[in-house]
Amino acid sequence: MTNRRNFLKEALFTGAAALAAPFMAKAEHTARPSAGADATALSGGQLIVPKANALPITGTFLDEISHDIPHQNWGVKEWDADFRYMKAIGIDTVIVIRSGYRKFITYPSPYLMKKHGCYMPSVDLIEMFLSLADKYGMKFYFGLYDSGHYWDTGDMSWEMDDNKYVIEEVWQRYGHHKSFYGWYISTEISRGTKWAIPAFHAMGKQCKEVSGADKPVFISPWIDGKKAVSAASDHLTKAESVTVEEHEKEWNEIFDGIHDVVDCCAFQDGHIDYDELDAFFSVNKKLADRYGMQCWTNAETFDRDMPIRFLPIKFDKLRLKLEAARRCHYDKAITFEFSHFLSPQSAYVQAHHLYDRYKEYFNLR
């Protein structure tokens, strides 16, 4: 009896569905806009916040030596297209985030291949990036070598020793490019460590001695906020985090020790919560002004709030961060990083849509 009842119910449902199908299809066809209809005419799709009320992104890291996001395996054709996309939204600055990490390097460095057994790269990425920056009228910052020893031991002496040679080598090899604008000290720190001030000072001083004091040097540290957890961790936040007062005290000491050789500081913005942005950003700007340094923001375009690491960020999260940077009168916004998380040709389709939302917000065509 039960089987019979179920059979009858299913038969009735199937028949009703069959009768309704033509009417549903007709209604759907009538309601759906034609292929040529303007999607912006639909209600509910318009921005309800003020447009362009934020600091625009005008710089990006180039991440070809990474350890926590996948390579896209682009050649010069794809990179040329990406530089065009960057230029189209006002990006005028590109920064190689690191010229090497452990044994993988971006250019055929005789020193690094001999000293550390680094692998010969198939393409000279530094030459390619500089040539593209020349072509598109962009400023290029060279990111120093990262031996990986700092991450293992907390000792930055390896970075100081290796980069003495790398800085000399790179300037001799690539310094003729008109786009070679400055240097990036790729060692990332959060708070005062034993080696922070002498290491940053030594590397910044070396850069300026080799290329001239007019070539700026910048750093991009992270704030030790509640989202400052390891990428390998299964947690998104931690219980203990730096206070605004501690952050100000510690970075006042660091800036005091490096401001004569470091010109800009771009704090990473993803380790603090969105309602903490103004408090920390105000301190960063105050300290930079005190020591005559440029205050940039590293507006991360990947999302730290998700258990999947790392995917392109939700547009509203990026907007909140860039709006705070404008309120606090920051000098420039750069991002980590355009090609994976904001580019229309990224391997992540979410990045394509983020590019469109960004253009809508800033009234870009």
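The values are calculated or read from the model by the stated rules, or taken from the named source; none is laboratory data. In this text the structure is predicted, and so the values were computed from the model without any measurement. Methodologically, a virtual Cβ is constructed for each residue, glycine included, from the backbone with ideal geometry; neighbour enumeration extends over all protein chains shown. Just the protein is used for accessible areas: all its heavy atoms, side chains included, with ligands, DNA and RNA removed. Shrake-Rupley method; radii C 1.70, N 1.55, O 1.52, S 1.80 Å.
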If we ask which residues in the range 41-71 are open to solvent by less than 60 Å² (accessible area, probe 1.4 Å), part of a loop (DSSP other than H, G, I, E, B) and modelled with pLDDT of 95 or more, their number turns out to be 5
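Can you tell me which residue within the range 328-365, out of those that are of a type in the set (Asp, Glu) and under 17 Å from LYS87 (Cα atoms), is surrounded by the fewest Cβ atoms within 10 Å (Cβ to Cβ)?
For the range 328-365, the residue satisfying everything is ASP356.
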Q. Can TYR119 be described as open to solvent by 40 Å² or more (accessible area, probe 1.4 Å) and modelled with pLDDT of 95 or more?
A. yes
Test for GLU168: is it modelled with pLDDT under 95 and not in a strand (DSSP E or B)
no
Considering residues that are in a loop (DSSP other than H, G, I, E, B) and touching a residue at least 60 places away in the same chain (Cβ under 8 Å), the number found within the range 171-187 is 2
Log entry, pairs with first residue in the range 217-229 being within 14 Å of ASP269 (Cα to Cα) and free of Cβ contacts under 8 Å to residues at least 40 places away in the same chain, second being among the charged types (D, E, K, R) and part of a loop (DSSP other than H, G, I, E, B), beta carbons closer than 9 Å, six or more apart or on different chains, reads VAL229/LYS238; VAL229/ARG304
Scanning for something surrounded by 16 or more Cβ atoms within 10 Å (Cβ to Cβ), in contact with a strand residue (DSSP E or B) (Cβ under 6 Å, 6 or more places away or on another chain) and part of a loop (DSSP other than H, G, I, E, B), does the range 125-146 turn up at least one residue?
-> yes
All conditions in (1) in contact with a Ser or Thr (Cβ under 8 Å, 6 or more places away or on another chain); (2) open to solvent by 10 Å² or more (accessible area, probe 1.4 Å); (3) hydroxyl-bearing (Ser, Thr, Tyr) are true of SER282 except (1)
Residues of the range 122-152 being among the polar types (S, T, N, Q) and under 17 Å from HIS67 (Cβ atoms), in sequence order, are SER147
If we ask which residues in the range 104-122 are within 23 Å of the chain's Cα centre (by Cα) and assigned to a loop (DSSP other than H, G, I, E, B), their number turns out to be 2
Here the residues within the range 191-245 that are under 19 Å from the mean Cα position of the chain (by Cα), under 23 Å from TYR141 (Cβ atoms) and open to solvent by 50 Å² or more (accessible area, probe 1.4 Å) are TRP222
Given the conditions (1) open to solvent by less than 10 Å² (accessible area, probe 1.4 Å); (2) without any contact (Cβ under 8 Å) to a residue 24 or more places away in the chain, every one holds for MET156 apart from (2)
